[in-house]
Amino acid sequence: MESFHYLSMSNHMMIQKQLMAACHIEAGSLTSVLNRMEDQNMVERRILNGNRRSFHVFLTKNGRRLQQIVEQKFHEIEAVALAGISEEDLNFFLKTFQKVQDNLSSQNSSDK
């Protein structure tokens, strides 16, 4: 559902390569995801300005409707998950988690 998020944040349209980079997935994986989303009338791929090497991905009306439902559900889940947690505690957790992620990222970089 990450593709929904990025498409909704970018005025319901992105170049396929930008979407691939934003979602941190390989081209083949994104193509599979977009094919399934197209089959379900969630997105439409179009060639704009005659550039046949660059597809633009648009959320369809159905895709925008589904994206709103998903976003609402995420807000509901977030409210339950964060109930009783102060903003200070949440910020401390997020900073700590970011440090853990940074440590793992730097470890992965040094392993290459």
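For the chain, what is one quarter of the convex hull surface built on the Cα atoms, given in nm²?
Seen from a random direction, the Cα hull of the chain projects 9.6 nm² on average.
Find how much the distance from Arg65 to Ala27 grows on full extension, using 0.36 nm per residue of separation minus their present alpha carbon separation; answer in nm with one decimal.
11.1 nm
Just want to confirm a number: the relative contact order over the chain, from Cα pairs under 8 angstrom separated by 6+ residues, in percent. Walk me through the numbers on the way to the answer.
Details: 78 pairs, mean separation 26.0, N = 112.
Computed over the chain, the figure is 23 percent.
Readers should treat all values here as calculations from the given coordinates under stated rules, not as data from a laboratory. In this text the structure is predicted, and so the values were computed from the model without any measurement.
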